[in-house]
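Please treat every number below as a calculation from the coordinates, not as lab data. Here the structure is a predicted model, which means the values were calculated and not measured. Ideal geometry is used to build each Cβ from the backbone, glycine not excepted, and the neighbour counts take in all protein chains shown.
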Amino acid sequence: MKRFVLFFCLLLLVPLSGCAARVPEDDGRLAVVASNFPAYDFARAVAGEAASVTMLIAPGTEVHSYDPTPQDIRRIRECDLLVFCGGESDAWMEDILASLDRSHTAVLAMMDAVPLLNEETVEGMEAEEDEEGEEYDEHVWTSPANAVRITAAIRDALCAADPENAALYRANAEEYIGQLEALDADFAALAASAARRTVVFADRFPLLYFVREFGLEYCAAFPGCAEETEPGAQTLAFLIRKVREEEIPYVFTIEFSNGRVADMICEAAGCGRLTFHSCHNVTRDEWEAGETYVSLMRRNLENLRTALN
Ligand SMILES: [Zn+2]
């Protein structure tokens, strides 16, 4: 059904693409469209004032149930650089990509900029049904080291698309990569000195790249961004036992979560709960407050410090 709607949207756009119409807000700067928040944040940091960067998926939107509007599709077709994730959540983009004029629009998938990990199911986790074999985990940005790689790839794409401003893009990228590396070092120092090594996510678990980078162990109710939100009795029992046995003081939920699984575990095992922001997207308030990947991850650092000590 979604595909059908998308096909219609593309049909409606055919007359537009023939006359090289520009978006009304076009101000002569390079136009960058980023699909999700991390892509937007890294592109924004490198572009500075030299390019306009638009986030396609609005703040407050659950990225896994996003559908593009005709205006979104038009924005993609008319931009100079498209930055997107490249995983399952971006499946809606396949038809658009296939019909995109690559002589005008450069395309960068964040998943192409980093070494990929397969999604995994660990002990106690609710397994996903009808999963066709292994898939790459798409949450590549959750590791700060990957954020550095993605930012560098965006820098290179911007320099290629807009050589006149290359010096500025390089300087902005260097500055932001410095912030990301400092963040990375702070997480590494915490992981090296913490009393505990295991994080328990009473939720979905989009943080595989993150825990792998810092050598942390994890348990979670669901893998990746599974759609299920009701764990089975076995999963719940496993997590409760784990928290009790290891006297884990806090379990984590991710942003935009209803927190029901955490409520059940906290009540049964007597632990507290904290949020780990996976940076899929920000709320309207966070957007207004100018939150960035770095500011959200700094908050994660403090919550992790509380949970691991
Ligand atoms: Zn996800």
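Against the empirical 2.2 N^0.38 Å scaling, what ratio does the C-alpha Rg of segment 155-214 come to?
Details: Rg = 17.1 Å, N = 60, 2.2 N^0.38 = 10.4 Å.
It is 1.64.
Can you give me the relative contact order of segment 182-309 as a percent, contacts being Cα pairs under 8 Å and 6 or more apart? The partial results should precede the final answer.
Numbers: 172 pairs, mean separation 35.2, N = 128.
Relative contact order comes out at 28 percent.
If I take the Cα coordinates of segment 124-188 and project them onto the principal axes, what are the three extents in Å, biggest first?
50, 31, 10
Determine the distance separating the Cα centre of segment 158-189 from the Cα centre of segment 228-274; give it in Å without decimals.
Going from one Cα centre to the other spans 38 Å.
Stokes-Einstein at 37 °C, 0.692 mPa s, Kirkwood radius from Cα pairs: D for segment 31-105 in µm² s⁻¹? Walk me through the intermediate numbers first.
Working: Rh = 12.6 Å.
The calculation lands on 261 µm²/s.
Quick test of the membrane-span-like rule: which DSSP H helices of the chain reach at least 30 Å along their long axis (C-alpha atoms) with mean Kyte hydropathy at least -1.0?
Values: long enough: 166-193 (40 Å, 0.27).
Correct list, ordered by number: 166-193.
What ranking do His104, His280, His64, His139 get, fewest neighbouring Cβ atoms within 10 angstrom at the top? Don't skip to the end; give the middle numbers.
On the way: His104 12, His280 23, His64 15, His139 27.
Fewest to most other Cβ atoms nearby, the residues stand as His104, His64, His280, His139.
In Å, the Kirkwood hydrodynamic radius of segment 241-291 over pairs of distinct alpha carbons? Each step should come with its number before you reach the end.
Values: mean 1/r = 0.0816 Å⁻¹.
For segment 241-291, the Kirkwood estimate is 12.3 Å.
How big is the Rg/Rh ratio for the chain, C-alpha atoms only, Rh by Kirkwood, two decimals? Write out the running numbers ahead of the final one.
Numbers: Rg = 20.5 Å, Rh = 20.6 Å.
Looking at the chain, the ratio lands at 0.99.
Amide H to amide H, which residues 5 or more places from Phe256 or on other chains are under 5 Å from it, using H placed in the peptide plane?
none
What residues qualify as long-range amide H neighbours of Val107, i.e. H under 5 Å apart, gap of 5 or more or another chain, H built at 1.01 Å from N?
When sequence neighbours closer than 5 places are left aside, the close amide H contacts are Leu82.
Determine the gain in length on full extension of the stretch Ala182-Met264; use 0.36 nm per residue of separation and subtract their C-alpha separation, reporting nm with one decimal. It would help to have the intermediate numbers written out before the result.
On the way: separation 82, 0.36 × 82 = 29.52 nm, distance 3.63 nm.
The span from Ala182 to Met264 would gain 25.9 nm if fully extended.
Sequence gap at least 6, Cα distance under 8 Å: using those rules, report the relative contact order of the chain to the nearest whole percent. Let's see the in-between values first.
On the way: 489 pairs, mean separation 56.2, N = 309.
Relative contact order for the chain comes out at 18 percent.
At 37 °C and a viscosity of 0.692 mPa s, what translational diffusion coefficient does Stokes-Einstein give for segment 192-308, taking Rh as the Kirkwood radius over Cα pairs? Give it in µm²/s as a whole number.
Details: Rh = 14.6 Å.
My calculation gives 225 µm²/s for D.
Can you sort Leu216, Leu239, Leu81 by how many other beta carbons sit within 10 Å, fewest first? Could the numbers behind the result be given before it?
Working: Leu216 19, Leu239 27, Leu81 23.
Going from least to most buried by this count: Leu216, Leu81, Leu239.
Test of understanding: ordering Phe201, Phe42, Phe238, Phe84 by Cβ neighbours within 10 Å, fewest first, what list do you get? Display every interim value, and only then the final one.
Working: Phe201 25, Phe42 30, Phe238 18, Phe84 22.
With the sparsest Cβ surroundings first, the list reads Phe238, Phe84, Phe201, Phe42.
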